[in-house]
Amino acid sequence: MTPEKRLLVTSALPYANGDIHIGHLVEYIQTDIFVRFHKLMGRDTIYMCASDTHGTPIEIKAGQLGVTPEELVSKYNQEHLADFTKFGVSFDLFYTTHSPETEHHAVAIYEGLQKSGLIYTKDVDLVYCEHDQRFLPDRYVRGTCPKCDAEEQFGDNCEVCGTTYDPTDLVEPHCSICGNPPVRRMSKHYFFQLSKCKEQIAGWIDADDHVHPTTANWLKGAFLDGDLRDWDISRDAPYFGFKVPGETDKYFYVWLDAPVGYIGTTQKYCDDKGLDAADYWKSDDKAEVVHVIGKDIAYFHCLFWPAMLGHSGYRTPDRVQVHGFLTVDGTKMSKRTGTAVTAKTYAEHLDPQLLRFYYASKLGPTNADLDLNLEDFVNRVNADLVNKAANLASRAHAFVTRKLDGKLGDADAEAKPVFEDAATRFEAIGEAYAGFEFAKAVRLISEVAELGNKYFQDRAPFHVIKDDPEEARRICTAAMSFVKVLAILLKPIVPEMSARMERSLGLGDLAWTDLAFDIQNQDLAPFERLADRIKLKAVQKMIEAQRVAHEAAAPAESKAGADDGPWTPKPVADEISFDDFAKLDLRVALVKEASPVEGADKLLRLLLDLGDHERQVFAGMKAHYDPADLQGRKVIAVVNLAPRKMRFGVSEGMVLAATSPSGVFVLGTDDRALPGAKVS
């Protein structure tokens, strides 16, 4: 990052046809923390976002509700912004992709690609529903996967095996709207020659840390190691979107103009503020652009998007930060169980800033999934935020107010070495924020809070005041300096709590440059309660309320369906006895070393610490993990497999991992589990 340049940050554009839930909030909270940090540092930073408004789902849902697509997207635009605001997500502009600004830039990019010789037309064989009298886009035709035979898969990719294909490849397809089998028809479509952009895309991915190594490795293995397919960028009427120039019944595919919404929103913001949008999107010298997205749309933002921009006269992004998915208690969010919690339901039951803190405590720079463990959520927020930062502020403030007339004096001289110890963490905290290493930032901030609490407890002004009130005042003054520092350090994560701390201290809006232990000789303002302890019962009440809400909202005829009825797992392998399972010896292992295996395309060498001894394991995850991201992690190892002799050496076990269409993910454990602990 280059601080002297302006900074433009975006989140993925929420689709305007459904509620915001806590899974979506991972991204917007992550982005908001990053943006708030840079603004706290004094950097010229703007945060752009918009409703993603185009496509068949919007057009069909609007028709079903008897409203226009414009009315539907306006409704969700307002509801989404209200939800984001409740969680402290502060956009400089939250706009819409259905705007003249976005259409202008979408056409400009399309025409730029035409001039570069990268647009062509051809007749394509499509599926057509005679009942609904429309061509069926990918998500409106379902059938059996042509590779793994999984049933009820969409027309673009299989969610079971990850294979991508065309809708015409599905076995026994049917229309998702009416259920009837479609027919085949030819239609002229426009294509972007992505196949000619491979070298440019690969160069962008490899240069200047544009993506994290884990994402870069996945993109190379999944796409760039083979041939890139040209991209169909048009859709047939009826379709809610922008028309292809010169056509009457052809529209830009939503994924062509949706990311252009970043540019359109910037244009609207700049027009309103008297700025030049070209400074952000046409020049590499004046600004940096950072996108924050989920890994499910990484290929759009890391393949199509830089290719579109780079060949049409626009600048490419400086960084695409990719995060993982959210699970709740280790499983996919579920409407049936109530864990698919909407932002609105959460805010009705719990303090949104506490979720911000918990997400921050779990978020790193990789695309690893994030688990919202409900019990851990309660324990971690109570222990690290309420019992440390909030507790120090409330205890010290209350003591000064009750015993010392609310007045601070000079700082305790004995606090100086404690101040200096805490200050050694400031630079690392800033670097962690800038590098999306929020979990590291939270850990270091917690250490600062621990130092402050220990100092306050050890110096015990509640005992000193009997004999020396002014010494007690000096101790409390030093403690309130810790509160001031914590208000600044926590500000990107829990801005509302930090603002209350600032007001209680009698201070204005603090910046990163105010990061010093220097409060003294001033009057405190009335105390504002910072954060209440969470009770697990309150979390369980929220989950139950969401489950009931989903059940009430589901149509009567669907309540026994696959999405809302009791979950019945399908057997994926022959049953075994417990005795057979018990033969596996699974142990917690600490990855002491991780390194590529010379001469092997897929292998990493892992040195595992199993408590009383070490083992070498060769794991086929080179395309999915940077070795540095595995080193220091706790994993689950199978330790009673017969050693396997390979040409690189002997592999003495295996590491457990989960495989899904979005990648391969190493299974871990609670940090408190010691190496060598048996998994049962």
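Data for the structure
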quantity	calculated
Within the range 285-333, considering residues that are of a type in the set (Lys, Arg) and surrounded by fewer than 19 Cβ atoms within 10 Å (Cβ to Cβ), the one modelled with the lowest pLDDT	Lys332
Test: residue in the range 99-109 that is under 26 Å from Ala278 (Cβ atoms), buried (at least 16 other Cβ atoms within 10 Å of the Cβ), at pLDDT 95 or above and among the small types (Gly, Ala, Ser)	yes
Every pair of residues 6+ apart whose Cβ atoms lie under 6 Å, when the first sits in the range 461-480 and is hydroxyl-bearing (Ser, Thr, Tyr) while the second is buried (at least 24 other Cβ atoms within 10 Å of the Cβ)	Thr477/Leu408
Test result for Tyr269, surrounded by fewer than 22 Cβ atoms within 10 Å (Cβ to Cβ) and in contact with an Asp or Glu (Cβ under 9 Å, 6 or more places away or on another chain)	yes
Qualifying positions in the range 213-242 - in contact (Cβ under 8 Å) with a residue 12 or more places away in the chain, outside any helix (DSSP H, G or I) and not charged (D, E, K, R)	Leu228, Trp231, Ile233, Ser234, Ala237, Pro238, Tyr239, Phe240, Gly241, Phe242
Scan of the range 339-352 for residues that are open to solvent by 10 Å² or more (accessible area, probe 1.4 Å) and either within 21 Å of Asp384 (Cα to Cα) or assigned to a helix (DSSP H, G or I) (or both), ordered by number	Lys344, Thr345, Ala347, Glu348, His349, Leu350, Asp351, Pro352
Out of Ala642, Ala628, sole residue that is farther than 19 Å from Pro213 by Cα and among the small types (Gly, Ala, Ser)	Ala642
Which listed residue is open to solvent by 10 Å² or more (accessible area, probe 1.4 Å) and free of Cβ contacts under 8 Å to residues at least 24 places away in the same chain, from Arg336, Arg395, Arg402	Arg402
Scope the range 240-267; condition of a type in the set (Gly, Ala, Ser) and either in contact with a strand residue (DSSP E or B) (Cβ under 9 Å, 6 or more places away or on another chain) or within 24 Å of Tyr299 (Cβ to Cβ) (or both); matching residues	Gly241, Ala258, Gly261, Gly264
Residue that is assigned to a loop (DSSP other than H, G, I, E, B) and at pLDDT 95 or above, where the choices are Ala600, Ala573, Ala525, Ala562	Ala525
Selected residue (criterion: least open to solvent (accessible area, probe 1.4 Å)) from residues of the range 227-266 that are more than 25 Å from the chain's Cα centre (by Cα) and among the small types (Gly, Ala, Ser)	Ser234
Single residue of the range 495-522 satisfying the filter (assigned to a helix (DSSP H, G or I) and of a type in the set (S, T, N, Q)) that is most open to solvent (accessible area, probe 1.4 Å)	Thr513
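The values are calculated or read from the model by the stated rules, or taken from the named source; none is laboratory data. These numbers were taken from a predicted model, which means no experiment stands behind them. All Cβ positions, glycine included, derive from the backbone under ideal geometry; neighbour counts span all protein chains shown. Side chains included, ligands, DNA and RNA excluded: accessible areas come from the protein's heavy atoms. Shrake-Rupley method; radii C 1.70, N 1.55, O 1.52, S 1.80 Å.
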